[in-house]
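Heads up, the thing below is written out as structure tokens.
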Amino acid sequence: MHEENKAAANRCCKIRSGIQNEAALLALMEKTGYSMVQENGQRKFGGPPPGWEGPPPPRGCEVFVGKIPRDMYEDELVPVFGRAGKIYEFRLMMEFSGKFIGVCVSLDNCRLFIGAIPKEKKKEEILNEMKKVTEGVVDVIVYPNATDKTKNRGFAFVEYESHRAAAMARRRLIPGTFQLWGHTIQVDWADPEKEVDDETMQRVKVLYVRNLMISTTEDTIKAEFNKFKPGVVERVKKLRDYAFVHFFHREDAVAAMSVMNGKCIDGASIEVTLAKPVTKESAWKQHFNGQISPGCENLLGFPNKEDGHQKSLGKPASLSVRLNGQHSPGPAEVERCTYPFFPGLKLTPISMYSLKSSHFSSAAMHLDYFCNKNNWAPPEYYLYSTTSQDGKILLVYKVLIPSIADGSQSYFMPDKLCTTVEGAKELAAQFTLLHLGKHQNFQL
């Protein structure tokens with residue numbers, strides 16, 4: 001056993017020279033009884049540990065630790081993290097660097113986004129093709145085109161049996177030159193769907209209805225959902241090919257979901273689920289962290305674009321819109337309808353500050369509105385720039401609020417850079433709003 005550990009330590013120390021380093025790893029393995037192997041650009045310590053019985057820990061038990069200094073290894077790291085509890089497995093990636101570490105819950109993602117798929121391909125064809133080129137495929141999620149239900153939307157989500165299987169598939173497909181059916185596909189991690197606690201979901205009385213025809217009206221949807229029990233629907237909000245059906249009582253929403261799921265409306269077979277609520281504050285924070293965009297269609301985990309570049313909560317992490325100047329964030333979904341202007345309509349001059357906050361869709365407008373509401377001076381924006389490694393100009397705004405309640409000046413600057421001025425301003429305004437929300441006197 002000693003010789004096996006010594007050989008393992010020697011193999012794992014090829015990138016870390018010195019007898020002292022090898023001895024440190026060997027001593028760690030001898031002390032803990034854990035094994036160590038190096039594969040696929042990472043060193044795995046444990047998994048399972050000695051004496052472990054039963055299945056591996058469930059999803060949600062893993063944390064990701066970033067920016068580990070290059071000269072720090074298992075012999076120093078394992079004892080530190082072992083203080084929190086028994087370690088099942090410790091995987092050290094060799095390319096991490098930095099002075100300060102960051103820790104967050106590991107998402108254990110098992111889903112990949114596949115873009116640029118020919119729109120005429122069916123689910124079965126995509127599933128079979130993905131099984132041919134990758135291992136561990138469990139399912140494929142494909143959404144029909146909004147205007148032509150016989151076609152897909154040009155993207156799919158592939159579910160794998162494990163995070164490892166998904167990671168290996170991504171590694172095989174990610175170079176950007178892999179082709180399916182003669183098309184170069186786009187591949188990235190799909191953002192995991194945000195979990196909503198059971199207690200909150202037990203209060204939901206809104207249904208999400210997808211795969212509707214573009215031509216189907218809100219009145220038609222309301223009439224169809226009222227058929228099983230007249231008068232139970234409070235209102236319907238339809239956006240493109242999906243809708244939200246609001247009920248007066250939760251029990252009617254649950255009953256309608258069971259009855260209406262799979263039914264045909266105007267020739268389209270609809271899918272019905274409970275809508276997942278997201279608060280204004282959590283939507284802002286998640287969007288600021290690059291997790292989701294604030295439109296209600298994204299919050300519910302379904303796609304909202306035909307080109308496959310902006311997705312659901314399963315959207316691609318690096319292809320998604322992330323406050324980089326390509327989307328104007330808002331605290332809630334604002335109706336963007338247009339109405340005909342008829343001659344003779346009377347127009348009344350008003351101040352924007354006489355409106356309600358729900359009339360604003362951009363963070364910059366919200367910040368200006370709330371500063372006025374709290375009797376503060378308007379926010380002042382100061383633009384800064386830097387250059388990325390590939391030569392791009394990156395921008396960031398510093399926001400000054402000249403007079404908060406105590407008369408002091410407050411500066412706010414996000415820790416992310418944008419490629420456009422508009423994106424930088426929106427990001428800075430949203431960052432400022434999040435921090436101002438912590439002040440008790442700030443009226444939201």
The condition of being closer than 23 Å to GLN202 by Cβ, open to solvent by 40 Å² or more (accessible area, probe 1.4 Å) and charged (D, E, K, R) holds, among LYS222, LYS237, LYS227, only for LYS237
Checklist entry - Going by the structure shown, is MET413 under 30 Å from ALA243 (Cβ atoms), open to solvent by 40 Å² or more (accessible area, probe 1.4 Å), at pLDDT 80 or above and in contact with a helix residue (DSSP H, G or I) (Cβ under 9 Å, 6 or more places away or on another chain)? => result no
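If you scan region 371-386, which residues turn out to be of a type in the set (A, V, I, L, M) and at pLDDT 90 or above? Let's see the steps before the verdict.
Our first condition is that a residue be of a type in the set (A, V, I, L, M); within region 371-386, this holds for 377, 383.
If the condition is that a residue be of a type in the set (A, V, I, L, M) and at pLDDT 90 or above, then LEU383 is the only one that fits.
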Within region 392-410, of all residues that are under 16 Å from LEU367 (Cβ atoms) and among the polar types (S, T, N, Q), the one modelled with the lowest pLDDT is GLN409
Here the qualifying pairs (Cβ atoms under 9 Å; residues six or more apart or on different chains; first in region 135-153 and over 17 Å from ARG164 (Cα atoms); second assigned to a strand (DSSP E or B) and open to solvent by 50 Å² or more (accessible area, probe 1.4 Å)) come out as ILE141/ARG111; LYS149/SER269
Being touching a residue at least 12 places away in the same chain (Cβ under 8 Å) and on the phi > 0 side of the Ramachandran plot narrows GLY85, GLY54, GLY33 down to just GLY33
Flagged pairs (Cβ under 8 angstrom, 6 or more apart or on separate chains; first in region 423-436, farther than 15 Å from ASP368 by Cβ; second polar (S, T, N, Q)) are GLY423/ASN324; GLY423/GLN326
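Out of all the residues in region 249-275, which are in contact (Cβ under 8 Å) with a residue 40 or more places away in the chain, over 30 Å from the mean Cα position of the chain (by Cα) and under 22 Å from ASP197 (Cα atoms)?
Listed by number, the residues that qualify are HIS249, ASP252.
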Open item on the list: Against the condition in contact with a helix residue (DSSP H, G or I) (Cβ under 9 Å, 6 or more places away or on another chain) and either in a loop (DSSP other than H, G, I, E, B) or modelled with pLDDT under 80 (or both), how does GLN389 come out, does it pass?
Closed with: no
Does ARG336 satisfy being at pLDDT below 80, under 30 Å from LEU112 (Cβ atoms) and of a type in the set (Lys, Arg)?
no
Of the residues in region 253-275, those that are touching a Ser or Thr at 6+ places or on another chain (Cβ under 9 Å), open to solvent by less than 60 Å² (accessible area, probe 1.4 Å) and either of a type in the set (D, E, K, R) or outside any loop (DSSP other than H, G, I, E, B) (or both) number 4
Across (1) at pLDDT below 80; (2) among the polar types (S, T, N, Q); (3) surrounded by 17 or more Cβ atoms within 10 Å (Cβ to Cβ), GLN42 clears everything bar (3)
Checked region 57-75 for anything surrounded by 13 or more Cβ atoms within 10 Å (Cβ to Cβ) and either without any contact (Cβ under 8 Å) to a residue 24 or more places away in the chain or of a type in the set (Val, Ile, Thr) (or both); matches are VAL65, ILE68, MET72
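The values are calculated or read from the model by the stated rules, or taken from the named source; none is laboratory data. Nothing here was measured: the structure is a model prediction, and the numbers come from that model. Please note: Cβ atoms are built from the backbone with ideal geometry, for glycine as well, and neighbour counts cover all protein chains shown. The protein model used for the area step is the full one, side chains on, heavy atoms only, and it has no ligands, DNA or RNA in it. Shrake-Rupley method; radii C 1.70, N 1.55, O 1.52, S 1.80 Å.
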